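Remarks on the structure that follows.
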Amino acid sequence: NIWGKRFQEARRKCEALSLLPEAHVQLTLLRCCLDARKVNDLLRATPLDQASDVAASFSALLRDTLGFIIGTPVSDSQWAQATLPVRYGGLGIQDPSVTRLAARMAGLTDFVTRAVDVLGLPADFPRIPADFQNCLAQALRHLGQRQPLSAWQQDPALVKDAERAHASQRWWSDLCARQRQSTLATTLSGEDAVRFASQIQPHAMALAAVIPSAGLRTLIPSTDVKCLLRWSLGIDQ
């Protein structure tokens, strides 16, 4: 029910977004206010086998909204790039279907490592949540055998002694983003491969993070924004 209410709220706001006159403002609000950030608390708290249909609907809503801003639908590979962080060559739009693994792993690890101290629970509290094994299996499938996942696979109880960084969603998100960036790079060819190779260089996609302000002269005209977005995603002008 909570997921459904959040989705309906997001859909109403995306419809209102389409009425704004400036594409630059639309893009900024989409990537800063209306994407997975709106449901990050739910992503951290919801087991991966729940609410997947609503998360998929939310993802489709964001993808359609980006297509409206650009003026054309976006393909799977274009959406995969658009949902990468700006520093990894993307537009920084957070897809809930993609970010939920990082959010849930961070939420579980944070709980397990801090439950006794923060909640005042007894030291022998069974601190490994029921869905941790499922999350760990998915993380291993997406990220491969690497530390600390390999160690936790051997002994899930080791998660209670995880480093503070491993309880950070930024750490998990970066790990997933690097893997997705690498996977996307292997699927592109020709001009698209060259374009993406240039976009993953430091600050190359900084234009996507520019905050529109007429007073500061950082409001990019709509025609220019659409051209830039199309080029960034490899869409014909």
Average accessible area per residue (Å²) across segment 37-172 - probe 1.4 Å, nucleic acids and ligands excluded: 46 Å²
HN-Hα J in Hz across segment 82-98 - Karplus 6.51, -1.76, 1.60, θ = phi - 60°, x for Gly and Pro: 4, 8, 7, x, 4, 5, 10, x, x, 9, x, 7, 8, 8, x, 5, 8
Tail weight of P(r) past 32 Å, computed on alpha-carbon pairs of the chain, percent: 27 percent
Net charge over other residues, Cβ less than 14 angstrom from the Cβ of K226 (K, R count +1; D, E count -1): -2
Additional length obtainable on full extension of the chain from R170 to E191, 0.36 nm per residue less Cα span: 4.4 nm
Cut-off 10 Å between beta-carbons: net charge of the residues surrounding D110, Lys and Arg +1, Asp and Glu -1: +3
Value of Rg/Rh across segment 11-82 [Cα atoms, Kirkwood radius]: 0.99
In degrees, nearest ten, helix 2-17 long axis to first principal axis of the chain (Cα): 20 degrees
Förster-model FRET efficiency, 35 Å R0, A206 and D49, C-beta, rounded to 0.05: 0.40
Segment F68-R37, extension gain: residue separation times 0.36 nm, minus the distance between their alpha carbons: 9.1 nm
Once exposed loop trypsin sites (Lys or Arg not before Pro) are cut out (DSSP; at most 12 other Cβ, 10 Å), longest piece of the chain: 1-145
Karplus-derived 3J(HN,Hα), 6.51/-1.76/1.60, for each residue of segment 27-42, Hz, glycine and proline x: 4, 5, 5, 5, 7, 9, 10, 10, 8, 4, 4, 5, 10, 4, 5, 6
Stokes-Einstein D for segment 173-224, Kirkwood Rh over Cα pairs, 4 °C, 1.567 mPa s (µm²/s): 98 µm²/s
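The values are calculated or read from the model by the stated rules, or taken from the named source; none is laboratory data. Please read these numbers as outputs of a predicted model, since none were measured by experiment. Quick reminder, even Gly has a Cβ in these numbers, built from the backbone with ideal geometry, and neighbours come from all protein chains shown. Just the protein is used for accessible areas: all its heavy atoms, side chains included, with ligands, DNA and RNA removed. Shrake-Rupley method; radii C 1.70, N 1.55, O 1.52, S 1.80 Å.
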